[in-house]
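Take a look at the structure set out below.
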Amino acid sequence: MSLLSQIIQFLFTGLTIGSIYAMVGLGFNIIYNATGIINFAQGEFVMLGGMVMVWLTTAFNLPLPAGFLLSVLIVTCIGAAFERLAIFPLKKPPVLILIIITLAGSIIFKGAAMLLWGKQTYSLPHFSGEEPLHLLGATILPQALWIIGILMAVVALLAFFFNFTIPGKAMRACSVNPVAASLVGINVKRIVLLSFAMSAGIGAAAGIAFTPIVLMEFDRGALLGLKGFCAAVLGGLGNGTGAVIAGLLIGVLESFGAGFISSEYKDAIALGVLLIVLLVRPSGLMGSREAARLKEF
Amino acid sequence: MAFRRHLPIMLFGCAAAVLPLALKDPYYLGILVFIGIFSIATMGLNLLMGYAGQISLGHAAFYALGAYATGILTAKYNVHFLPALAAAIIVTAGIAYVIGMACLRLKGHYLAVATLAAGEIVFICLNASVGFTGGPSGLAGIPSIEIGGFSFDSDFKFYYLVWAVFILLFILTANIINSRTGRALRCLHSSEVAAAAMGINVTTLKVQIFVLSAVYAALAGVLYGHSVTFISPQASDLMFSVKLLTMIVVGGMGHLWGGVLGAALLTLLPEALSAFHDYELIIYGSILLVIVMFLPGGLMRGFETLYVTILKKVRGRG
Amino acid sequence: MRKLLLAGALCLFVCASTVRAAEPYKIGAVFAVSGPAALLGEPERNTALMLTDQINAAGGINGHPIELIIEDNEGDEAKAVMKVKKLINDKVAAIIGPTRSGDTMAVIPIVEKAQIPLVSCAAAEDIVKPVKKWVFKTPQSDADAVRRIYEKMKDMKLTKAAIMSGTTGFGTAGREQLKKFALEYGITIVADETYGPKDTDMTAQLTKIKGTDAQAIINWEIIPAQTTVMKNKKQLGMTMPLFQSHGFGNIKYAQDAGDAAEGVLFPCGRLLAVDSLPDTNPQKAVLAKYKKDYEEKFKTDVSTFGGHGYDAYMLVVEALRAVGPDRAKIRDFIENKKGFVGTAGIFNYSAEDHCGLDKNSFEMLTVKNGKIVVAK
C-alpha cells in the first residue's frame, strides 16, 4: 500500500468518525446556546437513535427511510420530554445543578435502554450495501459517505434554520441575551424546549447512521458524548462552524495518530492537541473571547 | 471560640470512634472505609469547586497517581510506607502544579474540558506503560500500610486510620477556610476581577488550591490502594471524576460536610439498591435527579433549611 | 377420602419438615451483571440461577437446598471488594466469580485472608500464577490459546503475524503471551497494534498492517470491539487469514460481523461447536445438555462465558456434595479434583495448577455459513 493511499485511507476514516463527533458537538452547542448547560445526556441520544432504529426495523420491519424518520422523531420527543420533566420545572437553578441533572438523565436513559433491549450489541444493515468503493488504493464504505452526507445535510438545515426562520432567529437572540430576548417577546422557555428537541434529533440521526459501521449497545453513549463535548469546546462553545471543524479535526487526528505514530497513544495525541489549542486560544478555535467570559458557574 | 467551631467535628469523631464497636460486621466496616476514602477526595475537590469556584474533571487522575506511586514503591521496590507516601505527595503535587499552571488560565467549561483531557492523558499513560504499572491488568500485591512497626492489616484498623486522616484534614481545611486565604478564596469565587483589585494574587492562589486539592485526592488514592492492595487504571477513569463531582453537588457544594454526606449517600445507595438488579441503574438515576431537582443546594443546605424552619416554628410557638 | 387427605397432609408435613431440617448450602457469586462487562456477566448469572433451580428441583445436594446469593459489582473493582466482603459476611461456603480479571485480582487478597475458596470466571494467567491457596479459575489460559494458534500457523506455513489487541486486561495479557511464545514457534511479529475498548473504527491500525508483509492477523479481545476488526479488515479488502482468541466465544460476535466473520479461526472450548462434535467426545453430553437447557430457558444463544460460570458453579456443587459446606475441605477437594467434565474442557486440578486445563481443552473452530464449526 503506497503512502498516498494510506493517507487517503486515514483521512476518510478520520472524516467518518469526525462527522459523528461533529454532530454530537452541534447538539451540545444548540443546548448550550439556549441555556448555558453542557448536556451530559447528549451521547445517550446518539445511543437511543441507534437502538430505536434497530428496534423499529427488526420488530416492525419498517423500511429504512420510514425507520430513520420515525426514530429521529421518537428520540426528539424523548429529548423534549426530558426538558419538560427535569429542566422546565426549576426556577433559576445554577448551571452546575443543571449539568448534574443531565448526568442523572443520562444514567436513566442508559438504565432504560438496558432494561428494554438488554446488554448485547445490535447491528443494522448498511444503507446502501457493503461493497467498498476504491479511491487511489484506499477503500471507503458507502456508509461512510452516508455519514458525511448526513452531517452536511444537518449543517445546511441548521444554517437555514438559524438565518431564515423566526424560531431560529429567536434562538440566536436567546443565546446572545436571554433577558433582552424575553423583553422583545420571545418565549425563552419554549426556545429551551426546542433546543433539547433539536439536539436530541441530531444525536439520533448520528446514531442511526453510525450503527451499521460500529454496532450499538446500551452504554456506548458516554464516550461519544465525551468526544462530541471536546469537539464543541475545541471549536469554541456555542460556535456551530467551530464544532464541525473541530469534530472533523479530532477524528482525523485520532486516525493519523493511530496510523503513523502509535495506536496505543492515539487518544492521548488527540487530547494533547486539544489541550495545546485551548492553552494558546483559551476560547477555542472559533469562539470569541467575550463569549468565553460570559458564562461561568 | 475555636473550640465551638470544632465542636461538630469532635462529636463526629467520637461517634466515628464508637461506631465499629457497635457493628463489627466486616461488610459494613468495608463500606465505611470506602466512604471515608471518598470523603477525603471530595473534601479537596470541594475546596477547589465550592470555595475557589474552579471546576475539575480530572481529579481521578490524582487519586490514581497517589495510589500508583505508593503502590509501585512499596510493592516493587520495597520502600517503607512513609517515604513512599512523601514521594507520592511530591509527585502528585508536581504534576498538579504543571497541569494547574497550564489549565487554570481557562474558565468555566473550557477549564472543565482541559482538566478532563489532562486526566484522560494520565489514564491512557497508566494503561499503556505495562512494564511499570501493570497496564490494564493492574498492580497487585500492594502491602498493608506499616507505620513504625504497626501494620494496618485489617478493615477494623484501617477504618480508624482512614477516619483519623479524615478528621485531621477536616480541621486543617476548616482552618484554611476561616483564614485570610479562605476569605480570599470566597472573594475569588464571587468575582475574579474584584479579587485581583483587592490585591489578591489570583493565579498563584488558584494554583495553590488546585495543588492542595490534588494532594487530598492523592492521599485518598494512597489509602484506597493499600486497603484493597490492588490498583488498576480504572481508578483514574473519567467516570470516577464525575462521581466525585456528583458527590459534592448532591451533598452540598461549598459546605465541608457536603462532601461526606454525598460520599456516604452515593456509596450506600447502590448497595441498598442492588436488590433491584436490572432496575438499579434507572432507580439510582431517578433518585439522583429528584435530589438535585428539589434540593439544588445539596443535602446539607436542605438539612439547614429544615433545621431553621423547625427552629422558627418552635420559637414562634414559644 | 378423608383418610386419603389426611395421609396426603401428613406426607406434605413430613416432606416439609425434612426440607426444613436440612440447612441450605450457601453459594456466593459476584458477577459484572451490569456495566461494561455485562455481556460476560449476564450469561454467568443466568447459568448460576438456572443450575440452582435445577438442583433444588431435584432435591438439592444430599437433601440440602442451595441458597445462591448473587451480587453485581458492575465491573467495578472497588465494588467487587465490597461485594466479596458482604458474601463472606453472609457465611457462604464458596464464591464463584468475579467476571473480570481486574475484579478477581482485586478480591484475591481478601479471600486469601478470609480463607474462603474462590472459583473465578476470569481468564488472566496472573490469577493462578503464582498459585494462590484459595483461588481457582475455570477459563482456559491465554498461553494455551497462543500455542494452539501458533501450531495452526505452522501447519499453514505462515511465519509472519500482525497482532491486534484491545487495551483491556484480557487484550494486554494475550498480547504479552503472543510476544513471549513467538520465538519458540519461529513466528515473527511484524506489527503490534492496539485499540481501545470503546473504539469505533480500526481501519487506521489495519491500514498500517496492510503496509507490512504480515501473512496473518491475530486479534485478541473479549469485548464487542473485536468484531469491528473483522468488519474493517473486510472493508480494506485484506484476504490474509484472521485468528481470534478464545474471547470470541459468543455466536453473537460472529453474527454481528456478518460475512466478515466467515473463515475466522479461533481456539475455543467445544461448547459453541457442540453440534459438529463426534458423539464419542467425552464432553458432548454435558455440552449438549447445558446448551439445550440454557437456550430453552433464556431464549438466547449460549456463550462460553456462561460456560465458565457453569464450570465454576458445578465444581463448587461437586465439592459440596462430597465434603459439605466446610470451606477448607471444599478447597482441598477442588485442588485434588481430577477428570471433572466441564464446558471448557476436562479439568485436572493439582497443587501446582489451579487452572486445571491444558491446550487440549481447545478446539480450533471456524465460522462457516454463519455457524461455528470445528475447523478441518
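Tabulated data for the structure shown
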read-out: Whole-angstrom gap from the stretch C:355-371 to the stretch A:108-136, using each part's C-alpha centre; value: 28 Å
read-out: Check: the stretch C:142-268 dipole with +1 on Lys, Arg Cβ and -1 on Asp, Glu Cβ, in debye; value: 180 debye
read-out: Other-chain or far-sequence residues with amide H under 5 Å of A:Ser263's (modelled H); value: C:Thr194
read-out: Counting all C-alpha pairs of chain C, share separated by more than 40 Å (%); value: 17 percent
read-out: 28 Å Cα-Cα threshold exceeded, pairs from C:Lys152/C:Lys179; A:Lys119/C:Lys329; C:Lys297/C:Lys329; C:Lys132/C:Lys337; value: A:Lys119/C:Lys329; C:Lys297/C:Lys329
read-out: Shielding by partners, peptide B:132-140 (average Cβ within 10 angstrom, other chains); value: 6
read-out: When the convex hull of its Cα atoms is projected in every direction, mean area for the stretch C:252-376 (nm²); value: 8.7 nm²
read-out: Shape of the stretch A:203-270, Cα gyration tensor, a/c cut at 1.5; value: oblate
read-out: The stretch A:1-78: C-alpha gyration tensor shape, a/c 1.5 cut-off, then a/b vs b/c; value: oblate
read-out: Likely footprinting exposure, B:Ile209, B:Ile283, fewest C-beta neighbours within 10 Å first; value: B:Ile283, B:Ile209
read-out: MRE, 222 nm, helices only [DSSP H, n ≥ 4, -39500 (n - 2.57), over the protein assembly as shown, to nearest 500]; value: -20500 deg cm²/dmol
read-out: Summed residue charge, Cβ within 9 Å of C:Gln115's Cβ, Lys/Arg positive, Asp/Glu negative; value: +3
read-out: Sorted by Cβ neighbour density within 10 Å, fewest at the top, the residues B:Val162, C:Val316, B:Val91; value: B:Val91, B:Val162, C:Val316
read-out: Debye, to nearest 20: dipole size of the protein assembly as shown, +1 on Lys, Arg Cβ, -1 on Asp, Glu Cβ; value: 2420 debye
read-out: Unit Cα scatterers, Debye sum, the stretch C:142-268: log10 I(q)/I(0) for q = 0.14, 0.20 Å⁻¹; value: -0.51, -1.13
read-out: Average beta carbon contacts from partner chains per residue of A:215-225, 10 Å cutoff; value: 4
read-out: Straight-distance crosslink candidates among lysines, where the alpha carbon sits under 16 Å from C:Lys371 and sequence neighbours closer than 8 are dropped; value: C:Lys252, C:Lys291
read-out: Along each principal axis, Cα extent of the protein assembly as shown, largest first, Å; value: 85, 78, 74
read-out: Most fluctuating residue given options B:Ala128, B:Ala64, B:Ala217, as computed from a GNM of chain B linking Cα atoms under 10 Å; value: B:Ala128
read-out: Kirkwood-Stokes translational diffusion coefficient of the stretch B:147-250, alpha-carbon pairs, 4 °C, 1.567 mPa s, µm²/s; value: 79 µm²/s
read-out: The stretch A:138-231: Cα Rg divided by the 2.2 N^0.38 Å rule of thumb; value: 1.35
read-out: The stretch A:41-177: radius of gyration and largest Cα-Cα distance (Dmax), Å; value: 18.5, 58
read-out: Charge dipole (the protein assembly as shown, unit charges on Cβ, about Cα centre) - positive-most of B:Gly259, C:Phe305, C:Ile218; value: B:Gly259
read-out: Cα-Cα over 29 Å, subset of C:Lys85/C:Lys289; A:Lys266/C:Lys210; C:Lys210/C:Lys284; C:Lys26/C:Lys79; C:Lys79/C:Lys137; value: C:Lys85/C:Lys289; C:Lys210/C:Lys284
read-out: Square roots of 5 times each gyration tensor eigenvalue, C-alpha, the stretch B:1-102, largest first, Å; value: 28, 23, 14
read-out: Table column - 3J(HN,Hα) (Hz), the stretch B:37-45, Karplus curve with 6.51, -1.76, 1.60, x for Gly and Pro; value: 4, 5, 4, 5, 5, 5, 4, x, 5
read-out: Residues of type lysines that B:Lys206 reaches as a straight line, Cα spacing below 21 Å, ignoring anything fewer than 8 places off in the same chain; value: A:Lys295, B:Lys107
read-out: Signed unit charges on C-beta, dipole axis of the protein assembly as shown, positive-most listed residue B:Met300, A:Ile147, C:Thr366; value: B:Met300
read-out: Straight-distance crosslink candidates among aspartates and glutamates, where the alpha carbon sits under 18 Å from C:Lys368 and sequence neighbours closer than 8 are dropped; value: C:Asp256, C:Asp259, C:Glu262, C:Asp275, C:Asp301
read-out: Which of C:Trp220, A:Trp146, A:Trp117, C:Trp134 has the fewest Cβ neighbours within 10 Å, and the rest in rising order; value: A:Trp117, A:Trp146, C:Trp134, C:Trp220
read-out: Net charge of neighbours whose Cβ lies under 10 Å from the Cβ of A:Gly118, counting Lys and Arg as +1 and Asp and Glu as -1; value: -2
read-out: Orientation-averaged projected area, Cα convex hull of chain A (nm²); value: 16.0 nm²
read-out: For q = 0.11, 0.12, 0.14, 0.16 Å⁻¹, Debye-computed log10 I/I(0) when each Cα of chain B counts as one equal scatterer; value: -0.72, -0.86, -1.17, -1.48
read-out: Cut-off under 5 Å, modelled amide H: who pairs with C:Asn219 long-range; value: C:Met164, C:Phe243, C:Gln244, C:Ser245
read-out: Simple Cβ-charge dipole of the stretch B:150-275, Lys/Arg +1 and Asp/Glu -1, about Cα centre, in debye nearest 20; value: 460 debye
read-out: Local electrostatic count at C:Ala254 - Lys and Arg +1, Asp and Glu -1, tallied over other residues with Cβ under 11 Å; value: -1
read-out: Gaussian network model of chain B, Cα within-10 Å springs - most flexible of B:Met49, B:Met247, B:Met101; value: B:Met101
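Quick note: the coordinates plus some simple rules give every number you see, no bench work behind them. As the structure is a computational prediction, the values presented were derived from the model and not from experiment. Counting neighbours? That spans all protein chains shown, and the Cβs are built from the backbone with ideal geometry, glycine included.
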